Amino acid sequence: MMIIKNGIVTDPANGIQKQATVIIQEGRINKITDDLNEADKITENNNGHHVIDASGCIVAPGLVDVHVHFRDPGFTYKEDIETGAKAALKGGYTSVVLMANTKPPVDNIDTLTYVIEKGKKTNLKVYTCATVTKGMAGKELTDMKALMAKGAVGFTDDGIPIMDAVLMEHAMEAVSALGVPISLHEENPALISNNGVNRGRASEHFGIGGSPREAEISLIERDLEIALRTGAVLNIQHISTKEGVALVRQAKQRAAEKGRNNIHAEATPHHFSLTEEAVLAYGTLAKMNPPLREEADRQAVIEGLRDGTIDLIATDHAPHSEEEKKRRITEAPSGIIGLETALPLGITNLVDAQQFPMDMLIDRMSTAPARMYNLPAGTLSEGAAADIVIFDAKAVQTVGGFASKSSNSPFTGQKLNGVVKYTIVDGTVVYQAES
C-alpha cells in the first residue's frame, strides 16, 4: 500500500480539488478521502507501507503527452525510447503517444512492434501512432485496420503535411470507421520558403522567406471541412495562428450542432510562451515547425486553451543534436525538446500569469489528451491505475540538467515555477527529485 497525504488532490475528471489523502493498493487508486481522522488512522497503522508527505504540493493524474518524438528507430543519436522515457518521467508524464516519423517510419507491423516492445521495457507507458500513408509519401494509405489491431492508437504523418485532399478524405473515412484519432501537421509547403521561421519580422531579420500564416490556415480550413463531413476524430497539431484557432472554434460549434465532439486541437508550451522575437534572441534553438508567430497569435492560443477550443497541451518534444542546431538558420532542423519544461511553463505562463486555474492546466495536460486517445490515464478515479504526478507549483527551478539525450531548448538557464517531486506509475515511484 502507498499513502499520499497532505497534498492538494487535483483531478479534473472527477471535479476534485481539495486537500485529501490518496490511498493506493496493488497499483490502483483505492480511495481518496478528506476525512482527517480516517487518514490519520490509516497512516498510523501503515505497517511499513510507503507514506509520501505531499505537504505544499499538488497531487494530480500523471501527465499525458500525445505528441512526442523519441527518434527510435533511426535517429537514436538524438534520443531513444529509454532516454525519452526518462525525460518524460522527470517532467511528470506517465503516458506518451509517439509520432511515427522514424526511420523506417511506423507504417508496418515490424516497426510498430519494435516501438511497442521497447516501450514496455521502460517505466513509462509508451503508446505510438502509425503513419497515415505508406512511407509518409502522401500517395497510398497504410493498412490502418491491421496496424490498429497490433497496437497503434492513432494515425499521423506528423512532420509531412498530406496534400492530396481526396486521399485525406479516404483517410478520415478510415479512421472514422476505426474510431481512433487522426493528427495532422498543417503547413502547406507550396507557400513556404525556408520553414521554421515566421514570415514577418523574424524572416526579415535573417533575410529569408520564412513560413507565412496562410500555410497553416489553408490546410486547417480544408481538413476541418473533411472532418465535419466524415465525422473523423481530428486533432489539429501544434496550432500557431489566431486564424487557425478561430477556424477550430467555428468547426467545434458546427460539430456540436450535429451532436458530435470530433474536432480537437493542441497547443505546445512554446507557442503559448514565446513569439518570433525568441528566434531573434536564440536563433536555431527557437526554430520550429510551425514557427513561433506574433503576440496576437500567442494570446489567441492562450484564449483557445482557456475556452476549450484547444483541448490539449502537447510538447512536440523534438530532440536534435548540438551539432545540428549549430548549423545556419536555413540548414538547422526545426524543433525543441519539451517534456521536462512543459509543466513549469504551464504553471509560470498560464496559472501564475492568471490566465486560468490549476485544474484547467491539469485537464489540458492529462485528462483531455487521455480522453481523445482513449487511453487508461488522466484520472484519479477509484480503481484507475495509480499514475500520479506530485509537484510543488511554488518551487523555482533553473532549466537545465536534462534527462533527455538532447538539450536543444531556448528555455535553458531560465527560472520557472514548478518542480516535479514524484512521478508514480502503477503505484510505484519511478522518478523522485533530489532533495
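The values are calculated or read from the model by the stated rules, or taken from the named source; none is laboratory data. Computed from a prediction, not measured in an experiment: that's the story for all the values here. For neighbour counting, all protein chains shown are included, and Cβ atoms are generated from backbone atoms with ideal geometry for every residue, glycine included. Note: areas computed on protein heavy atoms with side chains; ligands, DNA, RNA excluded. Shrake-Rupley method; radii C 1.70, N 1.55, O 1.52, S 1.80 Å.
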Query - Residue (of Asn123, Ala88, Phe75) at the positive-pole extreme of segment 21-180, dipole from beta-carbon charges - result: Phe75
Report task. Taking only protein heavy atoms into account and a 1.4 Å probe, give the accessible area per residue of the chain in Å². Result -> 38
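For the cross-link pairs Lys287/Lys415; Lys31/Lys421; Lys41/Lys394, which exceed 25 Å when the distance is taken from alpha carbon to alpha carbon? Display every interim value, and only then the final one.
Working: Lys287/Lys415 21 Å; Lys31/Lys421 22 Å; Lys41/Lys394 30 Å.
Among Lys287/Lys415; Lys31/Lys421; Lys41/Lys394, the Cα-Cα distance tops 25 Å for Lys41/Lys394.
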Query - Relative contact order [Cα under 8 Å, 6+ residues apart], the chain, whole percent - result: 20
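Quote the FRET efficiency, to the nearest 0.05, computed for Thr428 versus Glu323 with a Förster distance R0 of 35 Å and r equal to the Cβ-Cβ distance. List each step's numbers first, then the result.
Numbers: r = 37 Å, r/R0 = 1.06.
My answer for the efficiency is 0.40.
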Report task. Calculate the length of the line joining the C-alpha centroid of segment 366-410 to that of segment 275-342, in whole Å. Result -> 19
Query - Phi to ³J(HN,Hα) by Karplus 6.51 cos²θ - 1.76 cosθ + 1.60 over segment 355-366, Hz, x for Gly, Pro - result: 7, 6, x, 4, 5, 6, 4, 5, 4, 5, 9, 9
Query - Potential lengthening between Glu173 and Asp143 on full extension [0.36 nm per residue; Cα-Cα distance subtracted] - result: 9.5 nm
Query - Low-density loop positions, GluC sites (Glu not before Pro), segment 1-105 - DSSP coil, at most 10 other Cβ in 10 Å - result: Glu26
Query raised in the report: Tell me, what ³J(HN,Hα) does each residue in segment 245-256 have, in order and in whole Hz, if you take phi through Karplus 6.51 cos²θ - 1.76 cosθ + 1.60 with θ = phi - 60° and put x for Gly and Pro?
Result: 4, 4, 5, 5, 4, 5, 5, 4, 5, 5, 5, 4
Requested in this report: Could you tell me what percent of the accessible area of segment 1-145 is made up of carbon and sulfur, with a 1.4 Å probe and every protein chain present?
Outcome: 45
Report summary line: Residue by residue through segment 389-406, the couplings from Karplus 6.51 cos²θ - 1.76 cosθ + 1.60 with θ = phi - 60°, in Hz, x for Gly and Pro, are 10, 10, 9, 9, 6, 9, 5, 10, 10, 9, 5, x, x, 5, 7, 4, 5, 10
Query raised in the report: Of Pro104, Gly383, Ala265, which is farthest on the positive side of the dipole of the chain, counting Cα position, with +1 on Lys and Arg Cβ, -1 on Asp and Glu Cβ, and the Cα centre as origin?
Result: Pro104
Requested in this report: Mind listing the long-range amide H neighbours of Lys421? Cut-off is under 5 Å, sequence gap 5 or more, other chains count too, H placed in the peptide plane at 1.01 Å from N.
Outcome: Ile390, Phe391, Asp392
Report summary line: Burial-style ranking of 299-309, 133-143, 58-68, average other-beta-carbon count within 10 Å with highest first, yields 58-68, 299-309, 133-143
Report summary line: Measuring from the longest principal axis of the C-alpha atoms of the chain, the long axis of helix 81-90 (C-alpha) lies at a number of degrees, nearest 10, equal to 60
Requested in this report: Per DSSP H run of at least 4 residues, take -39500 (n - 2.57); add these up for the chain, divide by its residues and hand me the 222 nm value, nearest 500 deg cm²/dmol.
Outcome: -8500 deg cm²/dmol
Query raised in the report: Just how large is the dipole of the chain about the Cα centre, in debye to the nearest 20, putting +1 at every Lys and Arg Cβ and -1 at every Asp and Glu Cβ?
Result: 300
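Loop only per DSSP, at most 13 neighbouring Cβ atoms within 10 Å: give me the GluC sites (Glu not before Pro) in segment 318-384, ordered by residue number.
Glu331, Glu382
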Query - Between helix 213-230 and the chain: long-axis angle, C-alpha atoms, 0 to 90°, nearest 10 - result: 70
Requested in this report: Quick one: pull the percent of accessible area on segment 238-347 belonging to carbon and sulfur, 1.4 Å probe, ligands and nucleic acids left out.
Outcome: 46
Report summary line: Once the dipole of segment 361-435 is set up from charges on Cβ (+1 Lys and Arg, -1 Asp and Glu), the residue from the list Ala393, Val430, Ser407 lying farthest towards its positive end is Ser407
Query raised in the report: Could you give the angle, 0 to 90 degrees to the nearest 10, between helix 109-120's Cα long axis and the longest principal axis of the Cα atoms of the chain?
Result: 30
